[in-house]
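J.: Attaching a single structure in structure tokens format; questions to follow.
Only the coordinates and a few stated rules stand behind these numbers; no lab work does. Quick caveat: nothing in here was measured; it's all calculated off a predicted structure. With ideal geometry, Cβ positions are generated from the backbone for all residues, glycine too; neighbour counts draw on all protein chains shown.
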Amino acid sequence: MSTVQDFSNDIRPTWCPGCGNYGIWNAIKRALVAAELEPRDVMMVTGIGCGSKMPNYMHIPGLNGLYGRTLALATGYKLANHGKKVITVHGDGDGYSMGGNHLMHTVRRNIGIVDIIQDNHVYALTRGQYSPTSRSGWVTRTSPEGTIEKPLNPLAMALTQGATFVARSFGCCRIGGPDRQGAQPSRLCADRRDAGVCFVQ
Amino acid sequence: MGYEWYRDNTYQLTDTGHDSNDRMAAIERALEYPGGEGKIPLGIFYQNNDTPSYEEQVPVLEAGPLADQPLRKYPIEKYRELLDELF
């Protein structure tokens, strides 16, 4: 029986204080424990970005891939070694912009990957350009007059393309108390049989 | 926008009696954000455990993960035949 400590190492993340990535990081560890998985049962594939550095901060096998190609790499890994719990963690730029194509097809194929998108509506690592999910009118370095584009709706896209598990959570939330905070990520790994894609924004 | 904003501008789908097995209801909820005027829904929109996964339907994977299968399934001559066909 594993504990949260089994999935932890002693490397401190470079994330800013209060960043939502801390919540996602902890939720993933708790979910893996709840699913009674050991570090060797898991594979984490990430892209490029602040949050994509997550495999460095966990004691699990991980792969920090190319920008936007997270799901393509994870698909290859899953087909080569489908006994492992494959988790992808990447941001909205990686997942919806450069990797939007891969998201659509991974969902359509129903590949057994838990896909967690850290969607902060902005390219934060590169200091604040607008992303596919930025709201219209958002003033950023690349949109000084406010964005003209309408934001993408990733959940609606995933649902219409046949996704078999679609959820949204708030990274650092204490909304509704600690029970609820833990309930959702735990369900991602535990209650669901290991079949098909789990898409979480 | 900080945590307070999200606390005030989100709601849990479980509080509304949303049926996560209903795909059309899930799509309607998904269209609430972005695009709608109201609060942002959080929680499980949709789940369907009956659809087989891709890897469950690949015949060669029935024998177990590829990574655990023997690298050379047939005698080496068999692979030479295939190579000869190509070149």
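J.: Identify the residue in segment B:8-42 that is more than 16 Å from the chain's Cα centre (by Cα) and small (Gly, Ala, Ser) and, among all such residues, is nearest to residue A:134 (Cα to Cα).
T.: Among them, the one singled out is B:35.
J.: Which of the residues spanning segment B:15-57 are surrounded by fewer than 16 Cβ atoms within 10 Å (Cβ to Cβ), at the interface with chain A (Cβ under 8 Å from one of its Cβ atoms) and either in contact (Cβ under 8 Å) with a residue 24 or more places away in the chain or under 30 Å from residue A:76 (Cβ atoms) (or both)?
T.: B:40, B:49, B:51, B:52, B:56
J.: Based on what the data block shows, is residue B:66 farther than 27 Å from residue A:83 by Cα, free of Cβ contacts under 8 Å to residues at least 40 places away in the same chain and surrounded by 10 or more Cβ atoms within 10 Å (Cβ to Cβ)?
T.: no
J.: From A:81, A:110, A:9, A:101, grab the single residue that is over 14 Å from the mean Cα position of the chain (by Cα), on the phi > 0 side of the Ramachandran plot and not hydrophobic (A, V, I, L, M, F, W, C). Let's see the steps before the verdict.
T.: Working: A:81 fails: on the phi > 0 side of the Ramachandran plot; A:9 fails: on the phi > 0 side of the Ramachandran plot; A:101 fails: on the phi > 0 side of the Ramachandran plot.
On inspection, the qualifying residue turns out to be A:110.
J.: Looking only at segment B:43-87, count how many residues are under 26 Å from the mean Cα position of the chain (by Cα) and of a type outside the set (D, E, K, R).
T.: Result for segment B:43-87: 22.
J.: Right, something else. Out of the residues in segment A:1-41 that are farther than 18 Å from residue A:120 by Cα and in contact with a Gly (Cβ under 9 Å, 6 or more places away or on another chain), state the one that is surrounded by the most Cβ atoms within 10 Å (Cβ to Cβ).
T.: A:31
J.: Tally up the residues in segment B:1-20 that are part of a loop (DSSP other than H, G, I, E, B), polar (S, T, N, Q) and over 17 Å from residue A:157 (Cα atoms), please.
T.: Total meeting the criteria: 1.
J.: Restricting attention to segment A:139-162, and to residues there that are out of contact with any strand residue (DSSP E or B) (no Cβ under 6 Å at 6 or more places or on another chain), closer than 29 Å to residue B:26 by Cβ and small (Gly, Ala, Ser), which single residue is farthest from the other protein chains (Cβ to nearest Cβ)?
T.: Among residues in segment A:139-162 that are out of contact with any strand residue (DSSP E or B) (no Cβ under 6 Å at 6 or more places or on another chain), closer than 29 Å to residue B:26 by Cβ and small (Gly, Ala, Ser), the one farthest from the other protein chains (Cβ to nearest Cβ) is A:162.
J.: Within segment A:49-66, restricting attention to residues that are in contact with a strand residue (DSSP E or B) (Cβ under 6 Å, 6 or more places away or on another chain) and assigned to a helix (DSSP H, G or I), which residue is farthest from residue A:170 (Cα to Cα)?
T.: This residue is A:55.
J.: Looking at segment A:27-48, is at least one residue more than 13 Å from residue A:87 (Cα to Cα), touching a Pro at 6+ places or on another chain (Cβ under 9 Å), outside any helix (DSSP H, G or I) and of a type outside the set (Asp, Glu)?
T.: Looking through segment A:27-48, none of the residues is more than 13 Å from residue A:87 (Cα to Cα), touching a Pro at 6+ places or on another chain (Cβ under 9 Å), outside any helix (DSSP H, G or I) and of a type outside the set (Asp, Glu).
J.: Checking the structure you have, find out if any residue of segment B:41-61 is in contact with a Ser or Thr (Cβ under 7 Å, 6 or more places away or on another chain) and assigned to a loop (DSSP other than H, G, I, E, B).
T.: Yes, segment B:41-61 contains a residue that is in contact with a Ser or Thr (Cβ under 7 Å, 6 or more places away or on another chain) and assigned to a loop (DSSP other than H, G, I, E, B).
J.: For a quick check of your reading of the model, give me the residue pairs whose first member lies in segment A:73-85 and is more than 7 Å from every other protein chain (Cβ to nearest Cβ), whose second is among the charged types (D, E, K, R), with beta-carbon atoms closer than 9 Å and at least 6 apart or on different chains.
T.: Matching pairs, first to second residue: A:74/A:115; A:75/A:109; A:77/A:84; A:84/A:40; A:84/A:41; A:84/A:78; A:85/A:41; A:85/A:194.
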